[in-house]
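Asks: Below you will find the structure I want to go over with you.
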Amino acid sequence: MMLQRQSLYLWEQITNHVALFFPPRAQELLRQTEIVFVPLRDALNLRKQAIAIPIDIPAPFAPERLYQVEFNGTNLTLWHQLPIPDGEGWSCLPQATHPLWFRHGSGTLIPAFNMFATMMDLLTLREERELPQRDLHGRFPAEGSPRCDMGLLEVPVFNEAVAALVAACAGLAEEGWPKFNLENVTPSVFMVLSHDCDILLGNDLITQAIRCFRIFQPLMHAKVPRVMNIWWLMRNTLRPKDFYFDNVTGMVEVERMFGCTSAFYMLNGAGGRFGARSGSEVIPQVCEGIPKDWQLGMHYNYDTFLDHEQFAAQKRELERLLKREIKSGRAHYLRFDPVKSWSFLAECGIKCDETVGYPAHVGYRCGIAGLFQPFDLARGERLDLWEVPMAINEGSLLQQYPRDPISAFQKILVHLSRLGGALSILIHPGHFFNPEFPQYLGLYRRILGISKKHVSRGCAALSLVEKLNS
């Protein structure tokens, strides 16, 4: 019964993905093709032109039997390769050593890798549910994933599987054989842009204390003090809006120049080292510089984690300040529990969340570049919530690729452009234009410039949800 519910759930996420990122022709092909989720025995005995996806093949959460297949001008990275079925009439396509499909002479297609288990495990965060690693803030680190050491975090598994499925449907409709390109069903790619407004004024006590510490920190290692931090102390004391508050309008102007919109997630509520540093009263002021067609959402405060009362209080205050309903957001410090957080957010009235990303690593934490509705394993049903997992934040991009972050970003985007999907990127206002952090200067503008060549549109996560719902 649970496998049947999961099959219906996964099919719904696949059709939603195709509806959002592929042309109507692809949706028509999926409707016309017989696609069934069945036990392996039934798949092997189907014996007609159809695509059968086995649902009862167990898989370890750590990738095994990796290989690649050329597809639509890029490479699909697959794991959990299956053996070719016993009996006569089965062939491997496109080739025996690197198959994407097993085809029977009757026309039946079966994925050559454990498609169902791989996709479901990633969408339900099986790694995090079964592995104990956590950092100081209770977060699952990228290094804890078996995919990390294998260089697989940047593989959009869901997107690759769906693209292969669409191509197979196109081939079956035309010639009875799967295709390995997306000719005539060209997918679209979106950039999902968001900004966590952790700091809006540069003169708060915590930020200034950190600067003071940075002045004398080198002395601990017998080095010259960083006297430049004195300048930033004085500058933001006299002009607190510089490089934080004022950057919000600067980001809006750059996004306008490239035809994009974005979401700004506001942090209000309790203050402190891990809380809102700038105070709630500045939020309505900064939002005056954000156009109405840009999205505003909630940056869930550190102390609201799995606390209904605290979360509701922050949400009420922010709705009062912004004079609008809060539907979307992301957790401060990306605090997230793989078992409890999604149902918690749905119960709290959040319709679209962007929390699920790695704080210090580029990658697809759920194996998807796009959006999906989480599956409640306890109840065996999908939740009334959309997750748009964050793939990149500016800090992780520079930390992981310090020599050439733009080339690394472009490689990720070009691969996704061959498959279809949405790449979620977080840029903090304090890193947009801030000479205190010169490594970030011009980074966002260069990202948007590269994106213009490949992306259909740059928008907020909630905009994608509204587009799909419409």
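The values are calculated or read from the model by the stated rules, or taken from the named source; none is laboratory data. What you are looking at is a predicted structure, and each value in this text was computed from that prediction instead of being measured. No Cβ is skipped: glycine too gets one built from the backbone with ideal geometry, and neighbour counts run over all protein chains shown.
Asks: Output the residue which, of all residues in region 99-131 that are aliphatic (A, V, I, L, M) and part of a strand (DSSP E or B), is surrounded by the most Cβ atoms within 10 Å (Cβ to Cβ).
Replies: Among residues in region 99-131 that are aliphatic (A, V, I, L, M) and part of a strand (DSSP E or B), the one surrounded by the most Cβ atoms within 10 Å (Cβ to Cβ) is 109.
Asks: For region 364-420, which positions are among the aliphatic types (A, V, I, L, M), closer than 24 Å to residue 121 by Cα, in contact with a Phe, Trp or Tyr (Cβ under 8 Å, 6 or more places away or on another chain) and surrounded by fewer than 24 Cβ atoms within 10 Å (Cβ to Cβ)?
Replies: Hits for region 364-420 are 383, 385.
Asks: Now for a different question. Got a sec? Which strands (runs of 3 or more DSSP E) wholly within region 1-83 have at least 2 residues that are without any contact (Cβ under 8 Å) to a residue 60 or more places away in the chain and either under 23 Å from the mean Cα position of the chain (by Cα) or surrounded by fewer than 18 Cβ atoms within 10 Å (Cβ to Cβ) (or both)?
Replies: Strands (runs of 3 or more DSSP E) meeting the threshold: 67-71.
Asks: When the residues of region 355-383 are narrowed to those that are of a type in the set (Phe, Trp, Tyr) and in a strand (DSSP E or B), which ends up nearest to residue 419 (Cα to Cα)?
Replies: Once the filter is applied, the top-ranked residue is 372.
Asks: Now for a separate question. Please list, ordered by first then second residue, the pairs with beta carbon atoms under 7 Å, 6 or more apart or interchain, first in region 318-340 and assigned by TED's automatic domain parsing to the domain that holds residue 380 and free of Cβ contacts under 8 Å to residues at least 40 places away in the same chain, second buried (at least 17 other Cβ atoms within 10 Å of the Cβ) and not in a loop (DSSP other than H, G, I, E, B).
Replies: Short answer, once both residue conditions are applied: 324/296; 326/297; 326/298; 326/315; 326/318; 331/300.
Asks: Looking at region 249-292, which of its residues are under 22 Å from residue 205 (Cβ atoms), part of a helix (DSSP H, G or I) and among the charged types (D, E, K, R)?
Replies: Residue satisfying the conditions is 281 alone.
Asks: Follow-up. Look at region 223-253 and say how many of its residues are surrounded by fewer than 19 Cβ atoms within 10 Å (Cβ to Cβ), touching a helix residue (DSSP H, G or I) at 6+ places or on another chain (Cβ under 6 Å) and at pLDDT 85 or above.
Replies: So the answer is 0.
Each row is one residue, and each column tells you yes or no for (1) modelled with pLDDT under 95; (2) aliphatic (A, V, I, L, M); (3) within 20 Å of residue 396 (Cβ to Cβ).
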site: 326; (1), (2), (3): no, yes, no
site: 331; (1), (2), (3): no, yes, yes
site: 351; (1), (2), (3): no, no, no
site: 363; (1), (2), (3): no, no, yes
site: 376; (1), (2), (3): no, no, no
site: 380; (1), (2), (3): yes, no, no
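Asks: Based on what the data block shows, is residue 63 within 24 Å of residue 148 (Cβ to Cβ), of a type outside the set (Phe, Trp, Tyr) and modelled with pLDDT under 95?
Replies: no
Asks: When the residues of region 413-434 are filtered to those that are of a type in the set (A, V, I, L, M) and either touching a strand residue (DSSP E or B) at 6+ places or on another chain (Cβ under 7 Å) or part of a loop (DSSP other than H, G, I, E, B) (or both), which remaining residue is farthest from residue 366 (Cα to Cα)?
Replies: Applying the filter and picking the extreme gives 427.
Asks: Oh, and also: Can you run down the residue pairs with Cβ atoms below 6 Å, 6 or more apart or on separate chains, where the first is in region 183-208 and in contact (Cβ under 8 Å) with a residue 60 or more places away in the chain and surrounded by 23 or more Cβ atoms within 10 Å (Cβ to Cβ) and the partner is in a strand (DSSP E or B) and among the polar types (S, T, N, Q)?
Replies: These pairs meet every condition: 192/424.
Asks: Return yes or no: is residue 226 part of a helix (DSSP H, G or I) and either in the same structural domain as residue 50 (by TED's automatic domain parsing) or of a type in the set (Lys, Arg) (or both)?
Replies: no
Asks: Could you run through region 211-266 and say how many residues are hydrophobic (A, V, I, L, M, F, W, C) and within 22 Å of residue 428 (Cβ to Cβ)?
Replies: The number of residues fulfilling the criteria is 18.
Asks: Out of all the residues in region 96-125, which are of a type in the set (Lys, Arg) and under 18 Å from residue 371 (Cα atoms)?
Replies: Residues satisfying the conditions do not exist here.
Asks: Could you tell me which residue of region 444-457 is nearest to residue 20 (Cα to Cα), considering only residues that are among the small types (Gly, Ala, Ser) and surrounded by fewer than 22 Cβ atoms within 10 Å (Cβ to Cβ)?
Replies: 456
Asks: Still on this model: For region 83-110, name all the residues that are touching a Leu at 6+ places or on another chain (Cβ under 9 Å) and among the aliphatic types (A, V, I, L, M).
Replies: 93, 100, 109, 110, listed by residue number.
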